[in-house]
Amino acid sequence: QSRSDDRQDHKSDEGRSNVSSRSGNERENPSGSGFHPGKEKVFGIGEVQRVDIGTLQHRSEVKGGGRRVRVRSKDKRGVYVSSCIPRSDPIDIAFDATLRAAALRNKGSGCITIEKEDIREKVRYSRAPSLVIFLVDASGSMAAMRRMEAAKGAAISILNDAYLYRDQIAFIAFRGDSAEVLLPPTRNLEQAVDLLAELPTGGRTPLAAALLQSAELIKLQKIRRRDIKPVVVLISDGKANVPLRAEGDIREELIELSGWLKRLGANVVILDTSPNNALTFAPNYLTDIAYASGGQYIRLEDVSESSIYGVLRQVL
């Protein structure tokens with residue numbers, strides 16, 4: 001049965017009772033809610049529905065994303081696809097191939113004896129594991145509207161899938177002057193969900209620091225497992241205002257770090273939470289990041305919460 005079918009069964013069994021429903025287009029009135037930029041505020045988690053991927057509209061296409069890469073397994077896990085002569089003591093004997101090799105060697109003798117030279121070992125392939133890194137903008141600029149709820153709702157669905165299929169999840173929040181790895185790579189779904197639900201917002205937007213943290217995390221994880229497939233999910237309004245270096249050029253830093261992510265083989269998915277009709281003089285750097293990283297750029301206002309989940313599902 002296909003992986004997508006498994007996901008549909010899983011979602012239908014679990015239901016959507018774990019997340020609270022709120023529209024991703026709902027806005028918060030700063031004067032009415034008492035919100036002020038720089039102050040902390042906690043938003044809930046929006047509900048994520050299922051989606052027909054064929055209806056999605058993309059601003060830019062991800063390169064190399066989509067279907068998961070299959071890699072040769074080094075243990076007994078994975079699909080048995082062929083056999084080979086073992087280079088050392090076999091740990092996963094292919095009995096069918098071994099018998100065929102022995103039969104050919106004993107052809108015409110009337111009996112089959114198995115010798116060491118007949119032994120064949122199974123060649124298995126498995127799907128490469130994903131490391132899904134959520135970079136969540138917890139700054140005041142994003143908290144000024146309740147779009148964080150929609151972003152959290154989409155993330156929860158991906159967390160459920162990552163847990164079901166043994167992928168790893170990491171969570172980096174950025175606000176104030178720095179980015180912090182709140183959740184190192186893990187499969188602990190409950191811990192990740194609790195953290196996401198309680199993530200406060202407020203302060204400035206250190207976007208460059210978040211990209212740097214994600215690149216360093218990917219580099220470290222690739223040392224431990226070279227076949228891992230990194231996926232960076234950036235959820236932000238893109239209004240970066242904190243450079244890495246004093247007097248540094250924010251745009252140049254972001255382009256440089258995005259290029260590093262591309263060289264590390266990361267699939268970058270950017271969810272832009274800035275409104276289309278907002279009057280602002282702050283530059284939005286997300287399209288620069290998408291271009292430099294070869295990633296996929298999507299405006300959150302252009303798509304529903306369910307569409308966000310569908311786009312991310314294509315990458316995993």
Using 0.36 nm per residue of separation minus the Cα-Cα distance, give me the extension gain between ALA197 and LEU104 in nm, one decimal. 27.2 nm
Only Lys, Arg, Asp and Glu count, each charged at its Cβ (+1, +1, -1, -1), so figure out the dipole size of segment 187-274 about its Cα centre, rounded to 20 debye. 560 debye
Report Rg (one decimal) and Dmax (nearest whole number) for segment 215-272, counting Cα atoms only, units Å. 12.9, 38
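Sum up the charges of everything whose Cβ sits under 14 Å from the Cβ of ALA209, counting Lys and Arg as +1 and Asp and Glu as -1, but leave ALA209 out. Don't skip to the end; give the middle numbers.
Values: positive: ARG175, ARG204, ARG245; negative: ASP137, ASP177, GLU180, GLU216, GLU253, GLU256.
Around ALA209, the charge tally is -3.
Which order, highest average first, do 285-293, 92-100 follow once you tally other Cβ atoms within 10 Å for each residue and take the mean per peptide?
285-293, 92-100
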Skipping prolines and chain starts, which residues have an amide H placed within reach, meaning under 5 Å, of the one on LYS229, given they are 5 or more residues away or on another chain? SER130, LEU131
Selection from VAL81, LEU104, SER126, by position along the positive dipole direction of segment 72-126 (Cβ): SER126
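In terms of the ratio Rg/(2.2 N^0.38 Å) built on C-alpha atoms, what value belongs to segment 72-126?
Numbers: Rg = 12.3 Å, N = 55, 2.2 N^0.38 = 10.1 Å.
Dividing the Cα radius of gyration by 2.2 N^0.38 Å gives 1.22.
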Along each of the three principal axes of the Cα atoms of segment 164-267, give the extent in whole Å, ordering the values from largest to smallest. 43, 33, 18
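Taken together, the values in this text are just the output of simple stated rules run on the coordinates, not laboratory data. It should be emphasised that the depicted structure is a prediction, and the values quoted were computed from it without experimental measurement. Virtual Cβ from ideal backbone geometry, glycine too; neighbours counted across all protein chains shown.
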